[in-house]
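Written out below as structure tokens is the structure these notes cover.
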């Protein structure tokens, strides 16, 4: 989209060579004004405010004095916060590779003209429109000690006692990532299928003439051509997992103990209720922003060097 | 033939993994209150299918009110998104003004800003404007999506320039050109952002959760997770409620697949 957008700008500037009709000053204002007012109020002011508050001891009900870097030095020593950071990155390390690999495999699988594949595609993409909070409620029941998964595992005598998917501190985080994968695969597979459909069949046909098998052609001919899309999915998934909130908040409430408390769950606990520390929460927000920017930046660098 | 043998079982497995949790919710919701919620495979299917859980969900838990709230929020959000994204997209595409390139860049740049980063400050702004705990306050901060603005900008850029110039010659004002010539040419994209706006509003979770303190104003998804935690939860009733929440977006998805795919793909590409 970025590339499309910039090429769009170029199209317009070439139009500028023609004498363009001048509008009165209030015409552009009429068009951009309404959205601009909302963006100033609910986007630019809060963003600027976050940068200011992070250096004060303001509470969420008001007040506050400039305290310099006090919030950040406190944050640096806050083990609960750094544990949440570690957990969030662990979440990312588990979920992102699984999401990327599964979406790619699923996309290759359903990118076919076989009868019925259209129905399978529709079903496969459908979770992307389902509200995550409700999915989370469903999976809470699903993964409970008497939920469907345990019922099946016990019914087939694979395990004798229910697996504590949500009650075991180590297992809980892993279980949550699976919810993220179940929901996320839908969108990422859709994007990958769209990319696969734009791959020209000529190279594949050439490979076929050379006698390369289907798997060989898919891995060495087709997939390299959609590398840009694969990298983009990895970036999108990384940023999405850095922001993960709904799954832990709804399914485990951050528990058991604090074993699934992510950055945003911690932020939620620190700065939402009236009377909590808005300054400190703003400092957390800025660190989260820095993480998101670094991940975007690193991914951008990788995608630049990976480009042929 | 060999392709079929490999692809078919795998596709069935994939579709089954998506369907299983949803179908399980349906069987759960149809179980009568005397039936066990556990027991595979014996009691997986309801022995005496009943709709009483749906009736309970609508009468004994405030699901009907939640649905009403959600419809208001999603409807209002859909309209604001349609109007604001179309106006802004049009200006970015076809109305030259000073700072347009800068504004376009700034809007694109905000795509890397996660809402969670400004959550606390937005809450303070909202409290300052006394919009807290109101449905309007839920909609306004996310009233226009940047994705929709750029979907519309692309749509207006694609219209050939001669179309507007001819109308200019005939002495039509900028508003007339916009309304009578430009808008009818982008009907397809309007449908895309209408669908996108509805689905987005239906899915928004963290903002309604923090900005509303009165549970009576909760939209469905906040309400259902709230009930599953506090209501001495009857799993059958919660499952019925979950199905009610998932039906509208699924319906929109299956009826408007073309629009959903276009919108979500373009949105995802922008991030």
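The values are calculated or read from the model by the stated rules, or taken from the named source; none is laboratory data. All figures in this text were calculated on a predicted structure; none of them were measured in a lab. Backbone-built Cβ (ideal geometry, glycine too); neighbour counts: all protein chains shown.
Miscellaneous remarks
- Residue within the stretch B:213-221 that is within 17 Å of residue A:139 (Cβ to Cβ), more than 7 Å from every other protein chain (Cβ to nearest Cβ) and touching a residue at least 60 places away in the same chain (Cβ under 8 Å) present: no
- Residue B:147 vs. criteria within 27 Å of residue A:290 (Cα to Cα), at pLDDT below 90, within 9 Å of chain A (Cβ to nearest Cβ) and not in a loop (DSSP other than H, G, I, E, B): yes
- Output for the stretch A:249-281, where each listed residue is touching a strand residue (DSSP E or B) at 6+ places or on another chain (Cβ under 8 Å) and either within 10 Å of chain B (Cβ to nearest Cβ) or in a helix (DSSP H, G or I) (or both): A:270, A:271, A:276, A:277, A:278, A:279
- Total residues in the stretch A:190-208, condition surrounded by 18 or more Cβ atoms within 10 Å (Cβ to Cβ) and more than 9 Å from chain B (Cβ to nearest Cβ): 5
- Meets criteria (over 16 Å from the mean Cα position of the chain (by Cα) and touching a residue at least 12 places away in the same chain (Cβ under 8 Å)) for residue B:128: no
- Within the stretch B:1-44, tally of residues that are modelled with pLDDT under 75 and more than 10 Å from chain A (Cβ to nearest Cβ): 4
- Any chance residue B:75 is more than 20 Å from residue B:206 (Cβ to Cβ) and more than 10 Å from every other protein chain (Cβ to nearest Cβ): yes
- Close Cβ contacts (under 7 Å, 6 or more residues apart or on different chains) running from residues in the stretch B:1-20 that are more than 19 Å from residue A:139 (Cα to Cα) to residues that are assigned to a helix (DSSP H, G or I) and at pLDDT 85 or above comprise B:7/A:109; B:10/A:109; B:11/A:109; B:11/A:110; B:11/A:120.
- Taken residue by residue, the stretch A:182-196 has no member that is within 30 Å of residue A:257 (Cα to Cα), touching a residue at least 60 places away in the same chain (Cβ under 8 Å) and in a loop (DSSP other than H, G, I, E, B).
- The number of residues in the stretch B:161-208 being touching a helix residue (DSSP H, G or I) at 6+ places or on another chain (Cβ under 8 Å) and not in a helix (DSSP H, G or I) comes to 4.
- The listed residues are A:73, A:160, and the only one of them that is more than 26 Å from the chain's Cα centre (by Cα), assigned to a helix (DSSP H, G or I), more than 12 Å from chain B (Cβ to nearest Cβ) and without any contact (Cβ under 8 Å) to a residue 60 or more places away in the chain turns out to be A:73.
- Only one entry in A:106, A:99, A:123 is buried (at least 21 other Cβ atoms within 10 Å of the Cβ) and within 25 Å of residue B:251 (Cβ to Cβ), namely A:106.
- Residue A:119 without any contact (Cβ under 8 Å) to a residue 12 or more places away in the chain, in a helix (DSSP H, G or I) and either within 13 Å of another protein chain (Cβ to nearest Cβ) or in contact with a strand residue (DSSP E or B) (Cβ under 8 Å, 6 or more places away or on another chain) (or both): yes
- Any hit, the stretch B:223-244, residues being assigned to a helix (DSSP H, G or I) and over 30 Å from residue B:33 (Cβ atoms): no
- Reported count of residues in the stretch B:91-115, each being within 7 Å of chain A (Cβ to nearest Cβ) and surrounded by 23 or more Cβ atoms within 10 Å (Cβ to Cβ), is 1.
- Criterion applied to B:271, B:229, B:263, B:267 was being more than 9 Å from chain A (Cβ to nearest Cβ), over 20 Å from residue B:91 (Cβ atoms) and at pLDDT below 85, and the one residue passing it is B:263.
- Among the residues of the stretch A:76-116, those identified as more than 13 Å from chain B (Cβ to nearest Cβ) and not in a helix (DSSP H, G or I) are A:77, A:78.
Conditions (1) over 24 Å from the mean Cα position of the chain (by Cα); (2) at pLDDT 90 or above; (3) closer than 30 Å to residue A:74 by Cβ, marked per residue:
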| residue | (1), (2), (3) |
| --- | --- |
| A:218 | yes, no, no |
| A:225 | no, no, no |
| A:257 | yes, no, yes |
| A:261 | no, yes, yes |
| A:275 | yes, no, yes |
| A:307 | no, no, no |
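- Failed condition for residue B:158, given (1) more than 10 Å from chain A (Cβ to nearest Cβ); (2) out of contact with any helix residue (DSSP H, G or I) (no Cβ under 8 Å at 6 or more places or on another chain): (1)
- Every residue from the stretch A:219-246 that is assigned to a helix (DSSP H, G or I) and more than 12 Å from chain B (Cβ to nearest Cβ): A:219, A:220, A:221, A:222, A:223, A:224, A:225, A:227, A:230, A:231, A:234
- Residue satisfying all of: in the stretch A:282-299; more than 9 Å from every other protein chain (Cβ to nearest Cβ) and either in contact (Cβ under 8 Å) with a residue 12 or more places away in the chain or assigned to a loop (DSSP other than H, G, I, E, B) (or both); surrounded by the most Cβ atoms within 10 Å (Cβ to Cβ) among these: A:283
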